[in-house]
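Below is one structure; the comments refer to it alone.
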Amino acid sequence: MILACQSICHSFGTNVILKDASFHIEEREKAAIVGINGAGKSTLLKIIVHELTPDSGQAVLAKGRTLGYLAQHQDLESRRTIYQELLEVKRDVIDLEERIRALEKEMKELSGSSLNAALETYTRLNHEFEQKNGYAYQSEVTGVLKGLGFPEEEFDKEVSTLSGGQKTRVSLGKLLLSRPDIILLDEPTNHLDMASIAWLETFLLNYEGAVIIVAHDRYFLNRVVTKVIEIDNGQVTSFQGNYSDYAAKKARIREAQMTAWLNQQKEIRHQEEVIAKLKSFNREKSVRRAESREKMLDKIEVLEKPTEVRSEMHIRLEPEIVSGNDVLTVEGLSKSFGSLSLFTNLNFEVKRGERTALIGNNGTGKTTLLKILNGLIDADEGSFCLGTKVKIGYYDQEHHVLHMEKTLFEEISDAYPGLDNTKIRSTLAAFLFTGDDVFKKIGDLSGGERGRVSLAKLMLSEANFLILDEPTNHLDIVSKEILEEALNRYTGTVLYVSHDRYFINTTATRILDLTERRLVNYIGNYDYYLEKREELSPPAAGNSGTSGEEVSSAGKLDWKQQKEEQARIRKRENDLKRTEKEIFELESRDQEIDELLTKEEVYTSTSECLKLHQEKEAIAGRLETLYAQWEELA
């Protein structure tokens, strides 16, 4: 055991955050801490690293072990470059190398016993240098920087000039290079693109120390963790397995708890009715029996009603009118900012009912493309047109569609003047804004709260074409799942940008990958994209003479081929199900016949025996054919 949390309790005023929280972390274990926003995840991390003192209990790190912590927000102030800042983590190795080089110079002037002593020191220092991976420390630093999304041309940027997200990546790089025995990461994927998140997953999976992660990225948690520590209403519970395992177990536990609570409530009501009836008889015996039952009822430990997961945020997305089949057509779209070319000659279509995820590394122009489609900025070249009866609903990750000076109530009432006060309040309540919350100014809300207001406006828009830019940013896991369900039920069309791979995997029917200033089509979810991307991605721009038209044509061909392939797969799966069903039915009948042949009234009847044996032979012949079919299909 490397870390033990023992009976930790903590409150902020009257708000109880942690109640008697106990769990432990083993050597090399990878664990996640999950819970809704405000559950106390970051608070628990701060208690573990002793930034916060609990009301009672303690977090104990094993003797002689080191701990590293990455908070959500970093404010590095350094005059060093990015590369120099990470290199400082290897200061002990750099100093050791300098001592070795200095000793090499000294030995040229030494002889006899002095030289022998120097050689012994030299051998010892070299061994220590090798143990600390000294010959590869510079490439290790370079590898971490590139893995976290810093290209070599940015290595010389001064840290103090970086954005908050870039500083967080630098801090993460320093932490990973320092290799403590246990790493605590608070939302490490917030400022990483998909390639960097995939790199971090691999790094942590191979990391020799233990890791505790707070993250809303369920795909990331599924890949990395083997234990989930849940905080729910102050109670801390540990579950073995990844996030999907935890979610399934939690659903079963919640169902069992709800059943137990309902049964107990039913029994309590029954006893109360019996007591009231006995008292109504107004006889000494019946009163005594009523009092006896009351005492028994008082001793019952009343179960708490389990919290309803789905009773939080309520999203219902439904288009007002049905659009035409052709929702969006984009032809020859290009955009540059100065010398930076984001994309050139983009050609694609969006059909009614599709849920299309637009993915790509940071800086490829995904948000810019959405802004062009919403008429917020102009393209340099090309055009796009919307289909018949298409009505756009836009969700902007920076929430520019909100007015910071307005209250929540004004934001909704001004956008939808036909709504009465009751409808406005009920809509805001569905997104967890109740009472005086509706009079808060938009500018005073957190990122997650602004996201919920934007979703409320989106729901009221009754649009049939939703264009969403990072809709899951700042949402907790429960809220993300509610949004996923709403989008999967939505009968309109969706085009969105997201870095949330679990969200993409759950909702997307098609993926457009913006890479090398081109779009590549994948007809499927994120898992399908991972399976096919090597096959379908265009070659690197520097090594390819392919023109924009050729790539576009290839993209259309790929899309058609994928559609055909998807149809073939669906047919094969249906054929496989039918075959398996017939095999099951025939095998069941074969067993029935065997049982019938053991009965005296059957095996004593020649005609019945002959009839059943003929049926068995026919079944055996058909099964042989079906087994061959099954092998081919499976």
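I want to check the label-to-label distance for L530 and D444. Put each point 7 Å from Cα in the C-beta direction and report it in nm to one decimal.
Label at L530, label at D444, 4.4 nm between them.
Can you tell which of G387, H499, T472 lies farthest toward the positive end of the dipole of the chain, using +1 and -1 charges on the Cβ of basic and acidic side chains (Lys, Arg; Asp, Glu)?
Sorting the options by dipole projection puts first T472.
Please compute, over every Cα-Cα pair in segment 323-411, the percentage with a separation greater than 15 angstrom.
Across segment 323-411, Cα pairs with separations above 15 Å total 66 percent.
Given 37 °C and 0.692 mPa s, how large is the Stokes-Einstein diffusion coefficient of segment 259-307 in µm²/s, with Rh as the Kirkwood radius over Cα pairs? Don't skip to the answer; put the middle values down first.
Numbers: Rh = 11.6 Å.
In µm²/s, the coefficient is 283.
If packing is taken as the average count of other Cβ atoms within 10 Å, what order do 41-49, 90-98, 588-596, 242-250 fall into, highest mean first?
The densest-packed peptide leads the list: 41-49, 242-250, 90-98, 588-596.
What's the exposure ranking of C5, C609, going from fewest to most Cβ atoms within 10 Å? Walk me through the numbers on the way to the answer.
Numbers: C5 21, C609 14.
Ordered by Cβ neighbours within 10 Å, fewest first: C609, C5.
Once Kirkwood radius over Cα pairs in Å is worked out from the coordinates, which option in (1) 27.9; (2) 30.2; (3) 26.4 does it equal?
The listed entry that was calculated here is (2).
Tell me, in nm to one decimal, what length is gained between L115 and A618 on full extension, where the rule is 0.36 nm per residue of separation less the Cα-Cα distance?
171.7 nm
Residue separation times 0.36 nm, minus the C-alpha to C-alpha distance between S292 and N361: what's the value?
Gain on stretching S292 to N361: 17.8 nm.
Relative to the compact globular guide of 2.2 N^0.38 Å, what is the alpha carbon radius of gyration of segment 326-565, as a ratio?
Values: Rg = 19.0 Å, N = 240, 2.2 N^0.38 = 17.7 Å.
Cα Rg divided by the expected 2.2 N^0.38 Å: 1.08.
Can you quote the Å³ per residue value for the convex hull of the Cα atoms in segment 569-633, rounded to an integer? Write down the numbers at each step before the final one.
Working: hull volume 3.9 nm³, N = 65.
Roughly 60 Å³ of hull volume per residue.
Going by C-beta contacts inside 10 Å, put V494, V322, V390 in order with the fewest on the left. List each step's numbers first, then the result.
Working: V494 24, V322 13, V390 21.
With the fewest neighbours first, V494, V322, V390 line up as V322, V390, V494.
How far apart, in nm, are the 7 Å Cα→Cβ label points at T14 and E462?
4.2
Please give the contour-minus-distance gain from I583 to N133: 0.36 nm per residue of separation, less the Cα-Cα distance, rounded to one decimal in nm.
156.0 nm
When DSSP beta bridges are limited to those with both residues in the chain, what percentage is antiparallel, rounded to the nearest 5?
Taking every DSSP beta bridge with both residues in the chain, the antiparallel ones total about 55 percent.
Just want the ordering: C9, C385, from fewest to most Cβ atoms lying within 10 Å of their own Cβ.
C385, C9
So which aspartates and glutamates can K157 reach, going by Cα to Cα under 20 Å and dropping same-chain residues fewer than 8 places off?
Straight-distance partners of K157: D75, E77, E85, E88, E140, D193.
I'm a student and want to see the number: the projected area of the Cα convex hull of segment 376-509, averaged over all directions, in nm². Each step should come with its number before you reach the end.
Working: hull surface 37.9 nm².
Projected over every direction and averaged, the Cα hull of segment 376-509 covers 9.5 nm².
Take peptides 476-486, 430-440 and line them up by average Cβ neighbours within 10 Å, highest first, as a rough protection proxy.
Output ranking for 476-486, 430-440: 476-486, 430-440.
Quick check: Cα centre of segment 426-474 to Cα centre of segment 229-288, how many Å?
The two parts, judged by their Cα centres, are 35 Å apart.
Please report, to two decimal places, log10 I(q)/I(0) for segment 227-371 at q = 0.10, 0.12, 0.13 Å⁻¹ as given by the Debye formula with identical point scatterers on the Cα atoms and no solvent.
The computed values of log10 I(q)/I(0) come out as -0.73, -0.85, -0.91.
A short reminder: the numbers here are calculations on the coordinates, not readings from a lab. Here the structure is a predicted model, which means the values were calculated and not measured. Glycine gets a Cβ as well: all are built from the backbone with ideal geometry, and neighbour counts include every protein chain shown.
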